[in-house]
1. Give me the lysines in straight-line cross-link reach of B:LYS231: C-alpha distance below 29 Å, same-chain residues under 8 apart excluded.
2. So for chain B, what are the equivalent ellipsoid semi-axes in whole Å, largest first, each being the square root of 5 times an eigenvalue of the Cα gyration tensor?
3. Please give, to one decimal in nm, the separation of the simple spin-label points placed at C:PHE126 and C:LEU68, each 7 Å out from Cα toward the Cβ.
4. Using a 4.7 Å cut-off between beta carbons, which cysteines in the protein assembly as shown end up with no partner cysteine at all?
5. Output the 0 to 90 degree angle, nearest 10, between the alpha-carbon long axis of helix A:162-179 and the longest principal axis computed from the alpha carbons of chain A.
6. So what is the calculated 222 nm ellipticity per residue for chain A, using -39500 (n - 2.57) for each DSSP H run with n of 4 or more, over all residues, to the nearest 500 deg cm²/dmol?
7. Report ³J(HN,Hα) in whole Hz for each residue of the range A:30-39, in order, from the Karplus equation J = 6.51 cos²θ - 1.76 cosθ + 1.60 where θ = phi - 60°; Gly and Pro get x.
8. 5 Å is the cut-off here: which amide hydrogens, built 1.01 Å from N in the peptide plane, fall below it relative to A:SER53, excluding neighbours closer than 5 in sequence?
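Just so you know, all these numbers are worked out from the coordinates, no wet-lab data involved. Source: prediction; values computed, not measured. Here Cβ is always computed from backbone atoms with ideal geometry, including for glycine, and neighbour counts include all displayed protein chains.
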Amino acid sequence: MLTLDTITVRQDDFRLSADLSVAQGSHVALIGPSGAGKSTLLSVIAGFFPPASGRVLWQGQDITGAAPGTRPLSILFQDQNLFPHLTAAENVGLGLRPDLRLAAGEHEAVSRALTRTGLAGMENRKPAALSGGQQSRVALARVLLRSRPLMLLDEPFAALGPALKAEMLDLVAEIAEETRATVLMVSHDPGDALRFAPDTIVVADGIAHPPQPTGALLDNPPPALAAYLDVTPPSGR
Amino acid sequence: MKKSLMMAGFLAATTAAAQEKPVLTVYTYDSFVSEWGPGPQVETAFEAECGCDLRFVAAGDGAALLSRVLLEGESTEADVVLGLDTNLTATAAASGLFAEHGQAATEFDLPVDWVDPHFLPYDWGYFAFVYDRTKVADAPTDFEALAASDLTIVIQDPRSSTPGLGLLLWVKAAYGDRAGEIWSALADNIVTVTPGWSEAYGMFLEGEADLVLSYTTSPAYHLIAEGDDTKAAAAFSEGNYLQVEVAGKLAGSDQGELADRFLAFMVTDAFQSVIPETNWMYPAVTPEAGLPTGFETLVIPEKALLVPAADAAALRDTALSEWQTALSR
Amino acid sequence: MADRAQPLSLPLRVGAGAAAALVLALTLGTLGAVLLRAGGASALGAADWAALRFTLTQAFVSAALSVLLAIPVARALARRRFPGRGILITLLGAPFILPVIVAVMGILTIFGRSGLVNDGLAALGFGRISIYGFHGVVLAHVFFNLPLAVRLLLQGWLAIPAERFRLSAALGFRPGDIARHLERPMLRALLPGIFVTIFLICLTSFAVALTLGGGPKATTIELAIYQAFRFDFDLGRAATLAAMQLLLCAIAAGTAMRFSLPSGFGAGLDRPVARWDAGAATLILQDAAVLTLGAAFLLAPLAAIALAGLPQLAGLPAPVWHAALRSLGVALGSTAFALALALPLALAVAQRRRADLLESLGMLPLATSSLILGTGLFLLLRPIASPGDLALPVTALVNATMALPFILRALIPAARDAHEGYGRLADSLGLAGVARLRLLTLPRLRRPLGFAAGLTAALSMGDLGVIALFADGERATLPLQLYRLMGAYRMADAAGAAVLLLALSLGLFWIFDRGGRADADA
């Protein structure tokens, strides 16, 4: 279980607080207006941004001060998920050993992961020689190989077309299934959230609310979310 | 690479220590020890008779040499310092670091009498403006003629160069209170002032100026080494200033006896005969075989000017400010 | 994007700390040693203040002109591909790494009283122009420093990701728009640092200023230090002047940091840069003219040096070749030292959010009087070892420190880009220590590292440095040997040695720089 224990985040005049838990193995979407702090919340969990107060716990263990690379999670950013000077295989191999001194068996594991994400034979290509979808697949192959129990997605597929994005989300679901990972995903698309995430954390007005069932939430959005989703709240005014 | 350099340093240190012969350390200026200077021949000749290891340590030019000795003070490794001139000897003697040379009176072939308890001369020369005979038909015969002419000159800065300082004292010795006036008159002849002799002489050879401040012996190099007789030096009617280069031994030397032997050796033929064609100066004691062929063609000024060492230090500050004022306009 | 200020890793802290300590010891430490020996500072006279005024004025004008002229040249080189471009870029770097005396002779062959330009003017019936005076000093300083400015700016242009140019092309940007949206932010980020670097180089100039300045009006602080040191034997005044020079450096560096803004281009995918914006005929003509003029200005004196020296090359005496080997050793040693110093400093600076003290520290060697540095080091080391035995390692170390400011100029922006673009990804993958150095830092910094290594090697090759106080006569470097040849009237041999020096410096520079660019990622 991931617990954000009375977390507060401050940056200049930006404020965000979170006091919530995410059940192990669940898939949760983060939805909210732009600038509400969804990415910042993932940054706090991933260790890139220190909270002003509160603790981040994984399975009851405090990881608030842990270095990003040692946390039990993999994160995919909006961009810069691959090193442009390394090949696909090397980018994936980093997930196994950051010094890339891979044993024969590990090379095979890299190839298997690439094959699993549909990139068989592209081991030696560099990112610039791959399509956007293929780049996403390389990053996912690395997530697969790292097999960390928590997966954070900060809109890594935002640049892909709807069909491709759906394909990637399916791949994420499969990988999460295989690795039994808990997934937190920032999303701007209620459709994505509905399809992928049974639960949703609404981030709005400086608060990250505890997860609620996605379907019910979208059917009856609170005012801030409604404005963002551009629907009139059914309760009317 | 870094390692091997360090190693080279350590090896050099250990081999020096391993030799059991007594070591005589002579500080001198850089061009003396260069492959083209007198150093290598002097070293061979002295080591052949002294049963010692003669070690030259080079430090820039004469002024840098004195700076280094003053900097090191009494802990200096030097036994002998060779390469000061009369503009520096007063400061050097006043430091108390130098011992009296104690050598028997020598018959020096200098245009002036030599009396100095601390320092012995090993060579000398006249400062002079050098020109190309094929380009300058009427060489000036004094500073006033030079100033009145359209001829261009390149000189050295007295603050950073020995010849530059020599010229400063030359004008001061020749014209006294009129020195500032002479400099003002020369200002439009001066193409530029260089930090050192090499820059100035190089610029002269490149044709940047008609004349360059150098020595009356400079044409000897071109004649003897290059077979080129076009270079000549101008003798001035007010006299040409002398540079006398000297050596002295350190009071704190732990090789006092060897140092004495070196100073005595310095005025013998073995040392003196090397000087003309390496340092391109006149030897302090003309060798038995005489001067090399070619030196007889050199102009000999009728009058030799030299401010006594004791007065040079006091005079040069006034002279420098006159020079600066005149040329800064 | 909020970014956590990651604490520096222990090895990085140790490395950067050691480098910073060494720089401090060699700059402030040596000055302190001299002050201590002198027994305190001395008052400055009116002539010293006049020297300060002249120094500041010429340095400001020289730096401003160098930087302004470098912009069109670097832009033309950045957006044009033509045969020989690589060689031209290498050759353009040559003036910067030449020993002063050689370069001045080259300049005089072209611009001197009997130089090509004046002969040309005379043949056309115009009057001759004199190079000596304030304008001569500036001309020579621009000759020396324009190439440095061009190279550093070119790095800036090449660091703009291809994606940004692609986006600009897609948006139909015209050259003016590119200038506003891409080039100006880049220049804004780089120019203050480059300007200050050149300003400081010119600040400590002495031989150029004096030789071409025409007389004592052109007295710089460095010459005043010389005078205090060897004319007046006044160590205290020399040290006071050197302290003033360092203070000026601190002010200048601080001011530059204030004006410098990060360009914020982010990272790209290392696609080769294609330029869709530069096809107009007028632009092509403009660039061709700029490159022709720039190349003529910088290369003509070099050609003069080469022509004078090439025939002498074969007949050079053996000691010159020995000195050349020794200098190669010193140059390579310096390069190793310099990179070991610069890399941790650059990485530490890059990980901070704002330019700070550490970055200014890297500039200190620029404003350090080499005379004071040599003397102070001499005073510090003499109790430990015989200076003559340390001549070569000390020269290598000092040359490395003197090259540090240039290396940092080249490395810091790239290190910053690598950190900003990929630091979080590397952190999230636990990429740390040697692995991070090998897999992220070195590959991303490859170009500037190659450039920096080449620059250091070449600078070290041509620099007389502090060897004068340490040399023992038997271990002369090539530049020292060159001076000795000149001092022994052997001007022709000296010209040959100059060509050898030029060739070796350029060769080293080319090899390292090439190494940084080979196998550039596609």
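1. Answer for B:LYS231, where 29 Å is the Cα cut-off: B:LYS135, B:LYS172, B:LYS303, listed by chain and number.
2. Ellipsoid half-lengths, sorted descending, are 35, 22, 20 Å.
3. 2.0 nm
4. C:CYS202, C:CYS249
5. 80 degrees
6. -10000 deg cm²/dmol
7. Here the 3J(HN,Hα) series is 10, 10, x, x, 4, x, 6, x, 5, 5 Hz.
8. Here A:THR8 satisfy the definition.
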